[in-house]
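The values are calculated or read from the model by the stated rules, or taken from the named source; none is laboratory data. Given the structure is predicted, the values throughout are model-derived calculations rather than measurements. Reconstructed Cβ throughout: ideal geometry from the backbone, glycine too, with neighbour counts over all protein chains shown. These accessible areas exclude ligands, DNA and RNA; they are computed on the full protein's heavy atoms, side chains included. Shrake-Rupley method; radii C 1.70, N 1.55, O 1.52, S 1.80 Å.
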Amino acid sequence: MSNRSAVFGGAGFIGTNLVYQLIEDGQQVFNFDNLSGLGNLLNVAELMQQSRHSFARCDISNPEEIRQALLMAAADTIYFCITPKNPQVDSSLDNFRTFFDTVVDWSKGMSDAKLHKIVVVVSEHYKLLGSYAKMYSGLLKLLDDYASEGLPISSLLVPPAFGPFQQPDSPISMIIYRAIEGETIPVVNSEEKVSDLVYVKDVVDAIVLVEKSGKISGHYHLGAATPSMSNLEAADVICESLNEALPPPVGRYQALIEEVETAPITSDISKDESTLAPLGLPSKTSLKEGLKKTVSWYLNNPRWYNQSRTRFFYLWQNPETVLKIA
């Protein structure tokens, strides 16, 4: 495992959790994010005074900013935790090309250090399920091309994740927000099984495993947590956790649940082993355990939660855009 790591997208949901884990593992972490999307500087506020963490803004569409970041970090491992916001458009990979072209130039100029591994993490987002296949196949080809030029690249595809530091743009976090704020909780397709959903700590463990043991040019995917449960059961676990930790003035949080039916959406990416190798972790967090841990984290981090309420109130009037669990 490396001693100096650069995390691009390190103030986003998955990137933040990865940064905390790398620091806990004793690494020197250089954290880069342009803070234009879901990147949130409050996510890493507690790390700003730590000697093993450095943060700087970096836009991966700007070669000069990328060069400055690479020179600053002089990292032997690069984690790339940025997923195209709009995978349907042909230009969705342009920033990836800019980034890796710059890395190629930078690595050629390195004289006293060697780049050990680049781990590219692509996280599916529930709002864009059914829209990834074309972009992802293009990305795999792109990464293979750069690997052929000598970049030590491995990739990891992860299903929609949930857990600490997640803004209310996902079904799980939105349910927690709505319950705490006393709003109704629309549960989409209540009897449908929660599919391809994973706790973020397992995502981080998978990223670290790919860095440590993944083959160059290897493309991996992380499977969903098991056993599965229905969307209604998932909402019930969240509500029951809140009943125990933050009892409502009257009744139970389950009274806020409102069942909604709509057309299901599934991922269009093939997980065939000829394309993506399954990544085996020694153990995974069950959905029930992960949901309980997530609720506990929100309640135990009131400063972060209160800051994120602004985004919640912006989104809560349009639940159909955020409340499908998978």
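Within the shell of other residues whose beta carbon sits under 12 angstrom from the beta carbon of VAL7, the net charge comes to -1, with Lys and Arg scored +1 and Asp and Glu -1. Between helix 171-180 and the chain there is an angle of about 50 degrees, using the helix long axis and the longest principal axis of the Cα atoms. With all protein chains in place and a 1.4 Å probe, the accessible surface of the chain carries 50 percent carbon and sulfur. Could you tell me which residue out of ALA45, PHE99, PRO63 lies farthest along the dipole of segment 41-113 toward its positive end? Charges go on the beta carbon: Lys and Arg +1, Asp and Glu -1, centred on the Cα centre. Sorting the options by dipole projection puts first ALA45.
Model label sites at ASN243 and ASP105, defined 7 Å from Cα along the beta-carbon direction, differ in position by 6.0 nm.
A simple spin-label model places the labels of GLN50 and ARG97 3.7 nm from each other, with each point 7 Å out along Cα-to-Cβ. How large is log10 of I(q)/I(0) for segment 73-204 at q = 0.10, 0.11, 0.20 Å⁻¹ when the intensity is taken from the Debye formula with one equal scatterer per alpha-carbon? Values, matching the q order: -0.44, -0.52, -1.21. The magnitude of the dipole of segment 250-298, with charges of +1 and -1 set on the Cβ of Lys/Arg and Asp/Glu and taken from the Cα centre, is near 440 debye. The angle between the Cα long axis of helix 63-73 and the main principal axis of the chain comes to about 90°, on a 0 to 90 degree scale. Normalising the average separation of contacting C-alpha pairs (under 8 angstrom, six or more residues apart) by the number of residues puts the relative contact order of segment 3-80 at 40 percent. With all pairs of different C-alpha atoms in the average, the Kirkwood value for the hydrodynamic radius of the chain is 20.3 Å.
All other residues whose Cβ lies under 12 angstrom from that of ARG252 are scored, Lys and Arg at +1 and Asp and Glu at -1, for a net of -3. Relative to the longest principal axis of the Cα atoms of the chain, the long axis of helix 231-245 makes an angle of roughly 80 degrees.
Mean separation of Cα pairs under 8 Å and 6 or more residues apart, divided by the residue count, gives the chain a relative contact order of 19 percent. Each Lys or Arg adds one and each Asp or Glu takes one away; over the other residues whose Cβ falls under 13 Å from the Cβ of SER36, this sums to -1. The residues of segment 26-116 expose on average 50 square angstrom of accessible surface per residue, using a 1.4 Å probe on protein heavy atoms.
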